[in-house]
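Student: Would you mind keeping the following structure in view while I ask a few things?
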């Protein structure tokens, strides 16, 4: 790699890279993100390498390992360009057939195609798969096209063109104006206008000015930032460099949790390659901008996602928050002006600079512009990462992109915003999703977690689960959070355990207000959201738990018992096979029964029965 010293050299290199590529030649891309690694993609990759050599196809096909394209549960994913043929759940045993038929003879192997569960149609092209069709993958789109450890791949899709434009055709103030005009709001949870934050930091007195990418993603079930940093780290780095030029920073950090080893590795590789090409370091592209990025690995503390706790962690102190009498843009890291944005926010910046604020601001709603990446998980057919325009409804995400509720059960709730988010009921299915609408409904955008629940979910237990998580992750520095969460969790455990009493609901509401008013950081201020929204929209479940000592969702063990409806039982034996306690008995062709004395209430029989014969009461 030669260090680039001008915009002209960058464009010359880009043309050289594109000219060397055989655009019409088949390119087999294999997802090597964490999700597909868990599904065994390493063996698939090794198999393709060996079989390509065996069939002497090295000059006829390109093999590329990519980041996560989002459809995680269908991995290992293989997409063959330039056509975009989408093969899913590929195994090492399938490789020979793919090479012999699809690559050598241009034939489609139908059994690898995705089949729409609604109309049973087999779908050939990646973009036509329902999971992808309604998405707007501005950020995730390149994840399935580039090798995150090869900077040339990023340059081939236009990488660092935005940086060149910013450095040589715009002034720092003009960049800030463009970001403000775009309407970009922080994607880390707070939703604060990004351009306003940058402007405050630029105007703040004191040097040096620090710039930080927050990749300390700790929400249960969330992996948006991880997948972006794994799959397209250069987009994040490019956004950071542009931000550094805008605010006058020379020192940057990526704060990433150590539980994300692949994200750490790929980000480190990208930084090294960016330094070699001259995008980082001294005199970037000959512009006299000096900027370097260091990786700081967090120890997994959830509270370190909060800005002041994150600063303390980077400084080598205990990661706990402090009172915020002064904004971080004035006094942040080492009491110097600091700009902190999350992974997704930084990745949006090159798009805005390249295509303009007017283009970007046309996407989304009045107060929430652009797209948002959600981690779609829970009781839903299609789980994974989805990138959608702001303003899309829950119904569109859950039923069109997500494919509906598992086993065609009834939708009950959706939880957004991570453990401090809220649970919204069926009446919000047609709510246009943006920062303000979610806040008004009692939830929050957060970093983008979205957990879908069906009618077999207990909302009191959901509130208990998230509160237990937050109590464990609280740093314990302030009394309202330390003692309030402990007391609230104890009340919820009592309700789920059949010991709930009159006044518990009202006490939970009062304690919630204490945390909202008294906690010193966002963790404590927002921790009551799961409790308040479940009380607000599912109060009847709390009352049934307390007054009737029953759990409508069939979850709380102390309040339920399992039995088998003899009229619905087909004697298929499914419940008997899965019962580890041997509580189920029954002869062939005879209705089965459950011995309540032996039953451990694990719910295995309930889940195994396809005829709804197992009854919870």
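Student: In the set 422, 391, 367, 402, which member is on the phi > 0 side of the Ramachandran plot and touching a residue at least 24 places away in the same chain (Cβ under 8 Å)?
Tutor: Criteria check complete, one pass: 391.
Student: Further, regarding this structure: Mind telling me which of the residues 178, 238 ends up being at pLDDT 95 or above, within 16 Å of residue 343 (Cβ to Cβ) and outside any loop (DSSP other than H, G, I, E, B)?
Tutor: 238
Student: Still on this structure, I have one more. State which residue is farthest from residue 29 (Cα to Cα) when the search covers only the range 92-127 and only residues that are touching a helix residue (DSSP H, G or I) at 6+ places or on another chain (Cβ under 7 Å) and in a loop (DSSP other than H, G, I, E, B).
Tutor: For the range 92-127, the residue satisfying everything is 116.
Student: While we're on this one: Considering each of 443, 420, 474, 368 in turn, give the residue that is more than 22 Å from residue 69 (Cα to Cα), modelled with pLDDT of 95 or more and crowded, with 18+ Cβ neighbours inside 10 Å.
Tutor: The match here is 368.
Student: Sticking with this one: Condition test on residue 566, is it within 22 Å of residue 456 (Cα to Cα) and assigned to a loop (DSSP other than H, G, I, E, B)?
Tutor: Answer is yes for this residue.
Student: Answer yes or no as to whether residue 275 is free of Cβ contacts under 8 Å to residues at least 60 places away in the same chain, assigned by TED's automatic domain parsing to the domain that holds residue 176 and either under 23 Å from residue 420 (Cβ atoms) or assigned to a helix (DSSP H, G or I) (or both).
Tutor: yes
Student: Another question, then. Among 308, 249, which is the only one that is within 24 Å of residue 186 (Cα to Cα) and in a helix (DSSP H, G or I)?
Tutor: Result: 308 is the single residue among 308, 249 that is within 24 Å of residue 186 (Cα to Cα) and in a helix (DSSP H, G or I).
Student: Here's a follow-up. Looking at residue 405, is it over 21 Å from residue 465 (Cβ atoms) and not assigned by TED's automatic domain parsing to the domain that holds residue 71?
Tutor: For residue 405, the condition - over 21 Å from residue 465 (Cβ atoms) and not assigned by TED's automatic domain parsing to the domain that holds residue 71 - is not met.
Student: Among residues belonging to the range 46-72 that are within 23 Å of residue 156 (Cα to Cα) and in a loop (DSSP other than H, G, I, E, B), point out the one that is nearest to the chain's Cα centre (by Cα).
Tutor: 70
Student: Let me ask you something else. Within the range 500-528, how many residues turn out to be part of a loop (DSSP other than H, G, I, E, B), over 28 Å from residue 320 (Cβ atoms) and touching a helix residue (DSSP H, G or I) at 6+ places or on another chain (Cβ under 8 Å)?
Tutor: 3
Student: Confirm whether residue 109 is in contact with a strand residue (DSSP E or B) (Cβ under 8 Å, 6 or more places away or on another chain), surrounded by fewer than 22 Cβ atoms within 10 Å (Cβ to Cβ) and farther than 30 Å from residue 134 by Cα.
Tutor: Criteria not met by residue 109.
Student: Which one of these does residue 427 not meet: (1) part of a loop (DSSP other than H, G, I, E, B); (2) surrounded by fewer than 17 Cβ atoms within 10 Å (Cβ to Cβ); (3) assigned by TED's automatic domain parsing to the domain that holds residue 395?
Tutor: Every condition holds for residue 427 apart from (1).
Student: Of all residues in the range 187-205 being out of contact with any strand residue (DSSP E or B) (no Cβ under 6 Å at 6 or more places or on another chain) and within 16 Å of residue 360 (Cα to Cα), which is surrounded by the fewest Cβ atoms within 10 Å (Cβ to Cβ)?
Tutor: 195
The values are calculated or read from the model by the stated rules, or taken from the named source; none is laboratory data. Just so it is clear, the model here is predicted, and its values are computed rather than measured. Neighbour counts run over all protein chains shown; Cβ positions are idealised from the backbone, glycine included.
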